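Below is one structure; the comments refer to it alone.
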Amino acid sequence: MGISSETVSSLLRLLYEASASPELWPGFFAALSDYAQAPAAYFALVDPAGHCNLALNPGVDPAWQRAYTEHFHNQDVLLDRFVALKNAHGDWIGTRQSAISDQEYQSSALYCEHVKPQGLLHHCAAVLGGLNGGLEGGVGMMRAVHQQPFDNDLVSLLAMLAPHLKRAINTQHTLSELRRRNHELRHSVEALGQGLIRLDGSGRVTRMTTAARAILDARNGIEIDGGFLRAAVPAERTRLNKLIAGAVATGAGRGTEAAVPCSTAAAPQVGNHPLWTPPSGGAMLISRRPPSRPLRLVVTPFRPSTDFMDDRPVAMVFLDDPAARPPSRAAILRELYGLTPSECRLADFLGQGLELASAAELMSMATATARFHLKAIFRKTGAGRQSELVRLMLGLPGGWATDAPVPSKRDPSTVS
């Protein structure tokens with residue numbers, strides 16, 4: 001088939017737009033399925049709690065999607081095999097035959113009860129490691145039983161897209177956490193103290209959050225020089241410039257002009273044929289003067305939809321100071337649900353594993369009073385029991401407002 005630079009550029013444009021605006025994922029999968037002549041293209045992500053998020057190309061029966069997320073993903077022997085290969089190799093990219101035999105797959109409940117009734121058989125997927133939030137999964141395509149199996153060209157395409165898929169999924173995860181229950185990205189980023197810098201097509205800084213400005217104004221390891229980010233250590237400056245140049249080129253649709261070698265270690269079906277892919281950004285540490293610990297920096301291409309941001313950046317830089325204390329989850333709860341200071345403090349202690357009586361003692365209040373506050377928290381947040389409140393807290397970005405003592409053994413005062 002051959003893979004043209006125009007095809008790669010077009011798919012990457014749609015991919016990074018989807019990372020900024022999740023509602024655009026179906027457009028990316030529609031383009032991918034059209035190119036691969038595959039009736040179904042998708043990504044499936046399973047969180048640490050076992051919940052599955054599945055996105056498919058337009059035209060696939062929504063009932064089929066619901067059946068997978070609600071039932072069949074727990075019986076997906078193929079995903080289990082792909083994940084096992086990913087765990088052994090870091091990533092895994094290949095056809096179904098690289099992971100499981102025809103006989104075993106076609107005798108599985110997944111195939112017999114879910115895939116076969118749709119007339120599908122052939123499968124090609126990229127299962128990715130290093131995803132944020134403990135997520136497992138990746139991207140795949142499926143062909144009908146009467147079509148030819150996927151060839152190595154399609155495996156090569158997924159290998160070329162893999163680093164960008166990983167960057168896009170992680171970017172979407174980060175942005176989703178930042179704007180949880182908010183309507184504007186800018187508001188949620190500022191509220192949560194994330195160091196984020198937007199870059200235009202020349203790599204120039206166009207906008208940054210307050211947290212990023214505080215780091216840059218300190219001029220300890222990194223600063224803005226003439227509108228551009230500049231690392232103090234020469235070797236780090238060179239690497240930072242290279243990461244930014246590559247991410248900007250890809251985000252602006254010029255990535256194929258600056259293509260870099262693409263590892264095929266996770267895609268042995270490709271063989272020794274060299275692959276090239278547009279740069280996907282990267283991560284690095286920025287050294288600072290002692291005793292400060294290095295800053296963590298991630299550069300990623302970015303292509304927002306026209307109404308997502310007013311300055312349409314083509315790359316973003318996430319800058320993190322490991323010594324900075326993150327905003328508390330309790331403060332985020334207060335903003336989202338209107339909790340009182342006492343309710344926020346109680347939620348903070350309970351989220352760290354304390355029992356109600358222990359939290360009440362730390363707050364110098366009676367257990368009955370703490371129980372009254374807890375019921376108010378339930379009413380405002382919609383949590384039905386203490387365990388649901390803890391899950392809600394742990395799902396929020398940020399840290400704890402006050403470090404609680406080591407939790408004592410469970411006491412009978414817990415409200416459920």
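The values are calculated or read from the model by the stated rules, or taken from the named source; none is laboratory data. Only a predicted model underlies this, so the values are computations on that prediction, with no experimental measurement involved. No Cβ is skipped: glycine too gets one built from the backbone with ideal geometry, and neighbour counts run over all protein chains shown.
Select, from Ala357, Ala323, the only residue that is surrounded by fewer than 19 Cβ atoms within 10 Å (Cβ to Cβ) and closer than 30 Å to Pro291 by Cβ.
On the way: Ala357 fails: closer than 30 Å to Pro291 by Cβ.
Exactly one of Ala357, Ala323 is surrounded by fewer than 19 Cβ atoms within 10 Å (Cβ to Cβ) and closer than 30 Å to Pro291 by Cβ, namely Ala323.
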Q | Matching residues in region 69-87 - criterion: being more than 21 Å from the chain's Cα centre (by Cα) and either of a type outside the set (A, V, I, L, M) or not assigned by TED's automatic domain parsing to the domain that holds Ala162 (or both) | A | Glu70, His71, Phe72, Asn74, Gln75, Asp76, Arg81
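Per-residue answers, yes or no, for (1) aliphatic (A, V, I, L, M); (2) touching a Lys or Arg at 6+ places or on another chain (Cβ under 7 Å); (3) without any contact (Cβ under 8 Å) to a residue 60 or more places away in the chain; (4) in a helix (DSSP H, G or I):
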residue	(1), (2), (3), (4)
Val8	yes, no, no, yes
Gly27	no, no, yes, yes
Leu45	yes, no, no, no
Asp80	no, no, yes, yes
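Condition check ((1) closer than 18 Å to Leu121 by Cα; (2) among the acidic types (Asp, Glu)) across all residues:
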{"residue": "His73", "(1), (2)": "yes, no"}
{"residue": "Lys86", "(1), (2)": "no, no"}
{"residue": "Asp91", "(1), (2)": "no, yes"}
{"residue": "Ile100", "(1), (2)": "yes, no"}
{"residue": "Tyr105", "(1), (2)": "yes, no"}
Q: Check Ala49 against each of (1) assigned to a helix (DSSP H, G or I); (2) under 24 Å from Gly130 (Cβ atoms); (3) among the aliphatic types (A, V, I, L, M) and name the one condition it does not meet.
A: (1)
Q: Please go through region 348-383 and pick out each residue that is modelled with pLDDT under 90, small (Gly, Ala, Ser) and closer than 17 Å to Ile332 by Cα.
A: Gly351, Gly382, Ala383
Q: Output yes when any residue across region 88-98 is outside the structural domain of Val390 (by TED's automatic domain parsing), in contact with a Cys (Cβ under 8 Å, 6 or more places away or on another chain) and among the polar types (S, T, N, Q), and no when none is.
A: yes
Q. Among all residue pairs at least 6 apart or on different chains, which show Cβ distances below 7 Å where the first residue, located in region 271-285, is at negative phi and the second is acidic (Asp, Glu)?
A. Met284/Glu236
Q.
Against the definition (at pLDDT 90 or above and in contact with a Gly (Cβ under 7 Å, 6 or more places away or on another chain)), how does Val127 come out, yes or no?
A. yes
(Q) Take Glu23 and tell me if it is surrounded by fewer than 16 Cβ atoms within 10 Å (Cβ to Cβ), part of a helix (DSSP H, G or I) and out of contact with any strand residue (DSSP E or B) (no Cβ under 6 Å at 6 or more places or on another chain). (A) yes
Q | Segments classed as strands (runs of 3 or more DSSP E), wholly inside region 192-270, with at least 2 members that are in contact with an Asp or Glu (Cβ under 9 Å, 6 or more places away or on another chain), buried (at least 20 other Cβ atoms within 10 Å of the Cβ) and modelled with pLDDT of 90 or more | A | 228-231
